[in-house]
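Asker: After the structure tokens below, expect a handful of questions from me.
The values are calculated or read from the model by the stated rules, or taken from the named source; none is laboratory data. What you see is a predicted model, and the numbers here were worked out from it, not measured in a lab. Methodologically, a virtual Cβ is constructed for each residue, glycine included, from the backbone with ideal geometry; neighbour enumeration extends over all protein chains shown.
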Amino acid sequence: MQYIILGLLLMIIMLLYFKVANHFNIIDKPNERSSHTEITLRGGGIIFWFSALLYFAQHIQSNYFFFTGITLVTLVSFWDDIQSLSNKIRISIHFIAITLVFYDSGVFNFMPVWTVAIAYILAIGLINAYNFMDGINGITGLYTLVVMGSLLYVNKNIQLFIDSSFIKYAMIASLVFLFFNYRKKAKCFAGDVGSIAIAFWVIYLVLRLIVITNSLIWLLFLAVYGVDAICTIMHRLYLKQNIFEAHRLHLYQVLSNEYKIQHRLVALYYAIVQAVVSVLVVFLYQKVNDIVLFIIVITPLLLIYSMKFYLLNKNNLKVNI
């Protein structure tokens, strides 16, 4: 009953936000680099912050640092959705927010100084990678459901590391968002405010799990996004492109834009592949060496990603003919 009420509250909040977005013209206008073709409301992902707020209101003492951090990244991201901010301001706020959850999770006691610096780079990079991957209908919501579902399973069956309802609040918010986003013509997009906020939530949970189990293997719950984002950045650097500018070189963009595969189907592919990876991680956890497990998971993902170059070359040939 608790989660039904939560879902209804979030649904009402989303409908109220649509009125605000319409009034203040908070919209996403397509350009030559976009994967969509129609003007759509932006910032629907603010529902993730409201879900965190509702949880925090009931557990004010246990999640103070997390809620402060997600509020900071939500505010700066919402501002960026309305009026573009410099990367320095955004990254600075992300740094402060990550510092709060590092402190809350005991990272500064868990890791030596030199690895803390790497952890900052990794955490901020993952948050922004999650944002980079938010480009087609349903991909953020479906992928988040898979990641959160994987974390919930681990929390209940392998290692208790957080209150289960904390994960469920994120999943309910994802379902509400998908109701409006996972359509042929989306009612709204997540915007930076949504993708960054839910990425922060995911990073916080993965971080706590890593600290408690003393294993980095849980990073593989973000393997599909991670491989696509990192490889695309390397590809763009090779092409001498500005990695902070809009582009259409992610594998999901090639599938959606160049090969015209329906957005919702591509988003579902990403979610299914990550689900398979997550099952593999859970099944092989503590049965094989962590490095071996990374190799088992990452190698086929790299092979799948490499299809992009074949698809791009094939498409160029068609254009030239």
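Asker: Conditions first: (1) over 30 Å from Ala97 (Cα atoms); (2) buried (at least 16 other Cβ atoms within 10 Å of the Cβ). Val227 passes all but one, so which condition is the exception?
Answerer: (1)
Asker: Go through the stretch 254-273 and give me each residue that's more than 17 Å from Asn181 (Cβ to Cβ) and at pLDDT below 95.
Answerer: At the first step, the residues of the stretch 254-273 found to be more than 17 Å from Asn181 (Cβ to Cβ) are 254-255, 257-261, 272-273.
Hits for the stretch 254-273 are Val254, Leu255, Asn257, Glu258, Tyr259, Lys260, Ile261.
Asker: Moving to a separate point now. Could you please let me know if Arg248 is at pLDDT 90 or above, among the basic types (Lys, Arg), surrounded by fewer than 22 Cβ atoms within 10 Å (Cβ to Cβ) and farther than 22 Å from Phe166 by Cβ? Steps first, please.
Answerer: Numbers: at pLDDT 90 or above: no; among the basic types (Lys, Arg): yes; surrounded by fewer than 22 Cβ atoms within 10 Å (Cβ to Cβ): yes; farther than 22 Å from Phe166 by Cβ: yes.
For Arg248, the condition - at pLDDT 90 or above, among the basic types (Lys, Arg), surrounded by fewer than 22 Cβ atoms within 10 Å (Cβ to Cβ) and farther than 22 Å from Phe166 by Cβ - is not met.
Asker: Now for a separate question. Within the stretch 104-115, work out how many residues are without any contact (Cβ under 8 Å) to a residue 12 or more places away in the chain, farther than 13 Å from Leu216 by Cα and part of a helix (DSSP H, G or I).
Answerer: Residues of the stretch 104-115 that are without any contact (Cβ under 8 Å) to a residue 12 or more places away in the chain, as a first pass: 108-109, 111-115.
When the remaining residues are screened for being farther than 13 Å from Leu216 by Cα, the result is 108-109, 112-114.
So of that shortlist, the ones also part of a helix (DSSP H, G or I) come out as 108-109, 113-114.
Count: 4.
Asker: Give the residues of the stretch 76-117 that are polar (S, T, N, Q), at pLDDT 85 or above and either within 17 Å of Tyr64 (Cα to Cα) or over 20 Å from the mean Cα position of the chain (by Cα) (or both), sorted by residue number.
Answerer: Those that are polar (S, T, N, Q), at pLDDT 85 or above and either within 17 Å of Tyr64 (Cα to Cα) or over 20 Å from the mean Cα position of the chain (by Cα) (or both): Ser86, Thr99, Ser105, Thr115.
Asker: One residue is enough: does the stretch 278-290 have a residue meeting the conditions buried (at least 17 other Cβ atoms within 10 Å of the Cβ), among the polar types (S, T, N, Q) and closer than 26 Å to Leu160 by Cβ?
Answerer: yes
Asker: A follow-up question, please. Identify all residues within the stretch 116-167 that are outside any helix (DSSP H, G or I) and surrounded by 16 or more Cβ atoms within 10 Å (Cβ to Cβ); write none if there are none. Step through it out loud before you land on a result.
Answerer: First, pick out the residues of the stretch 116-167 that are outside any helix (DSSP H, G or I): 133-138, 158-163.
Met133, Asp134, Gly135, Ile136, Asn137, Gly138, Phe161, Ile162 - these are the residues of the stretch 116-167 that are outside any helix (DSSP H, G or I) and surrounded by 16 or more Cβ atoms within 10 Å (Cβ to Cβ).
Asker: Moving to a separate point now. Identify all residues within the stretch 1-10 that are surrounded by fewer than 16 Cβ atoms within 10 Å (Cβ to Cβ) and either of a type in the set (A, V, I, L, M) or more than 14 Å from Tyr169 (Cβ to Cβ) (or both); write none if there are none.
Answerer: Met1, Ile4, Ile5, Leu8, Leu9
Asker: Suppose the filter is surrounded by 13 or more Cβ atoms within 10 Å (Cβ to Cβ), of a type outside the set (Val, Ile, Thr) and over 25 Å from Gly138 (Cα atoms); does Phe65 pass it?
Answerer: yes
Asker: Give me the pairs: first residue in the stretch 133-157 and at positive phi, second residue among the small types (Gly, Ala, Ser) and crowded, with 19+ Cβ neighbours inside 10 Å, beta-carbon distance under 6 Å, and six or more apart or on different chains, which are they?
Answerer: Gly138/Ala267
Asker: Scan Arg42, Arg90 and give me the residue that is crowded, with 18+ Cβ neighbours inside 10 Å, in contact (Cβ under 8 Å) with a residue 60 or more places away in the chain and of a type in the set (Lys, Arg).
Answerer: Values: Arg90 fails: in contact (Cβ under 8 Å) with a residue 60 or more places away in the chain.
Of Arg42, Arg90, the one residue that is crowded, with 18+ Cβ neighbours inside 10 Å, in contact (Cβ under 8 Å) with a residue 60 or more places away in the chain and of a type in the set (Lys, Arg) is Arg42.
Asker: Taking the stretch 183-218 on its own, how many of its residues are crowded, with 19+ Cβ neighbours inside 10 Å and on the phi < 0 side of the Ramachandran plot? It would help to see each step written out before you state the result.
Answerer: First, pick out the residues of the stretch 183-218 that are crowded, with 19+ Cβ neighbours inside 10 Å: 186, 188-210, 217-218.
Narrowing the set further to residues that are on the phi < 0 side of the Ramachandran plot leaves 186, 188-190, 192-210, 217-218.
Residues meeting the conditions: 25.
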